[in-house]
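Quick notes on the structure that follows.
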Amino acid sequence: LAPIRTLLDRRPELPQVACFDTAFHRGHGALADYYALPERFYKEGVRRYGFHGLSYEYIAQRLPQVAPNIAKGRVIVAHLGSGASMCALANGRSVESTLGFTALDGLAMGTRPGQLDPGVVLYLIAEKGMTPAAVQDLFYKESGLKGLSGVSNDVRELLESADPKAAFALDYFVYRAGLFAGMLAAALGGLDAFVFTAGIGENSAPMRARITEKLAWLGVTFDQDANAARKSLISRKDSRVAVYVIPTNEELMIAQHTLELLSTNRGTSPKLSTAAQ
């Protein structure tokens with residue numbers, strides 16, 4: 001908020017547009033949004049927001065061009081990077097996400113722990129004497145793949161490492177991805193396609209292969225050669241569930257939203273330049 005306030009103070013005539021990473025998930029039903037807490041907390045804003053919305057929105061826009069036969073179906077999108085989450089899409093709309101009130105939930109990430117028993121937080125504060133600020137630093141900067149491995153938060157370095165803890169960290173990441181895929185498939189009532197995106201999802205063939213192995217029970221038949229060749233479709237033709245790799249573009253979504261809003265306010269039709277695309 002500091003730069004927003006600074007610009008408002010110094011250049012009040014400049015329009016500012018905020019593109020919230022939670023907006024794409026705002027269509028969730030109450031069952032997906034609520035925590036099992038007294039109603040007053042929900043009214044104060046304690047709810048499951050979901051994140052990486054700009055990425056998921058972009059993938060939802062790309063699916064009709066990449067895979068029109070499944071674009072309106074039941075799709076899990078795995079945004080796997082230093083920050084990682086998964087989203088269930090039904091007819092191109094978000095119905096469930098692994099991230100909740102903050103970007104700490106769900107999958108283990110580069111430096112964040114993912115799903116955690118709230119009792120761990122109470123223990124760290126009450127029994128270990130940690131301050132809330134120290135717990136926050138632990139959860140945002142020292143946990144996840146970095147904390148599990150003691151080596152790195154970078155999947156590329158962990159894949160190259162001979163340290164058993166590095167291998168364990170990757171096993172943990174793959175295991176949790178498989179678990180959450182099952183959860184999201186249950187939310188969708190079945191599965192038609194699975195999409196990998198973001199840094200790890202787009203670039204790490206070994207991690208795609210390992211995660212896809214966990215999806216066999218859902219009907220995935222994996223194509224190792226297509227995966228190694230960095231093809232867009234990495235499942236076999238006879239696979240009941242199609243598996244795609246689709247690069248995301250959050251910056252383009254921000255540009256589109258900004259242009260649309262500014263053009264609407266000025267009464268002009270939005271056009272995105274080739275350079276911006």
Gly267: passes all of (1) at positive phi; (2) at pLDDT 95 or above but (2)
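Identify the residue in region 103-161 that is assigned to a loop (DSSP other than H, G, I, E, B) and among the hydrophobic types (A, V, I, L, M, F, W, C) and, among all such residues, is nearest to Gly178 (Cα to Cα).
Initially, region 103-161 is screened for residues assigned to a loop (DSSP other than H, G, I, E, B), giving 103-117, 127-131, 142-143, 150-154, 161.
From the residues that got through so far, the ones that are among the hydrophobic types (A, V, I, L, M, F, W, C) too are 103-104, 107-109, 116, 130, 151.
Values: Ala103: 19, Leu104: 18, Leu107: 10, Ala108: 12, Met109: 15, Leu116: 17, Met130: 33, Val151: 23 Å.
Here the answer is Leu107.
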Filter result (closer than 26 Å to Ile200 by Cα and polar (S, T, N, Q)) within region 103-135: Thr111, Gln115
Would you mention how many residues in region 1-29 are within 22 Å of Glu96 (Cβ to Cβ), of a type in the set (D, E, K, R) and open to solvent by 90 Å² or more (accessible area, probe 1.4 Å)? 1
Only one of Ala242, Ala255, Ala226 is buried (at least 16 other Cβ atoms within 10 Å of the Cβ) and within 20 Å of Ala23 (Cβ to Cβ), namely Ala255
Only residues that are within 18 Å of Ala67 (Cβ to Cβ) and either among the charged types (D, E, K, R) or not in a helix (DSSP H, G or I) (or both): list them for region 194-214, please. Phe194, Val195, Phe196, Thr197, Glu202, Arg208
Residue within region 101-121 that is open to solvent by 50 Å² or more (accessible area, probe 1.4 Å), in contact with a His (Cβ under 9 Å, 6 or more places away or on another chain) and either at pLDDT 95 or above or small (Gly, Ala, Ser) (or both) present: no
Do you know which residues across region 81-98 are surrounded by fewer than 19 Cβ atoms within 10 Å (Cβ to Cβ) and of a type in the set (S, T, N, Q)? Ser82, Asn91
Sort out which residues of region 146-188 are closer than 12 Å to Pro113 by Cα and within 16 Å of the chain's Cα centre (by Cα), and write them in order of number. Phe173, Arg176
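Working only within region 33-62, note down all residues that are touching a strand residue (DSSP E or B) at 6+ places or on another chain (Cβ under 8 Å) and either open to solvent by 70 Å² or more (accessible area, probe 1.4 Å) or assigned to a helix (DSSP H, G or I) (or both). If you could, list the steps in order and put the result at the bottom.
From region 33-62, those touching a strand residue (DSSP E or B) at 6+ places or on another chain (Cβ under 8 Å) are 48, 50-53, 55-56, 59-60; that's our starting set.
Result: Gly53, Ser55, Tyr56, Ile59, Ala60.
Quick check, is Leu191 of a type outside the set (D, E, K, R) and either free of Cβ contacts under 8 Å to residues at least 24 places away in the same chain or assigned to a helix (DSSP H, G or I) (or both)?
Values: of a type outside the set (D, E, K, R): yes; either free of Cβ contacts under 8 Å to residues at least 24 places away in the same chain or assigned to a helix (DSSP H, G or I) (or both): no.
So Leu191 fails the test.
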For Gln65, are the conditions met, namely being outside any loop (DSSP other than H, G, I, E, B) and surrounded by 15 or more Cβ atoms within 10 Å (Cβ to Cβ)? no
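Got at least one residue in region 156-174 being closer than 28 Å to Arg47 by Cβ and surrounded by 18 or more Cβ atoms within 10 Å (Cβ to Cβ)? Give the derivation first.
Looking only at region 156-174, we keep the residues that are closer than 28 Å to Arg47 by Cβ, and these are 172-173.
Of the ones still in play, those that are also surrounded by 18 or more Cβ atoms within 10 Å (Cβ to Cβ) are 173.
Yes, the conditions are met somewhere in region 156-174.
The values are calculated or read from the model by the stated rules, or taken from the named source; none is laboratory data. As the structure is a computational prediction, the values presented were derived from the model and not from experiment. No Cβ is skipped: glycine too gets one built from the backbone with ideal geometry, and neighbour counts run over all protein chains shown. Just so you know, the surface numbers come from the protein's heavy atoms only, side chains and all, with ligands and any DNA or RNA stripped out. Shrake-Rupley method; radii C 1.70, N 1.55, O 1.52, S 1.80 Å.
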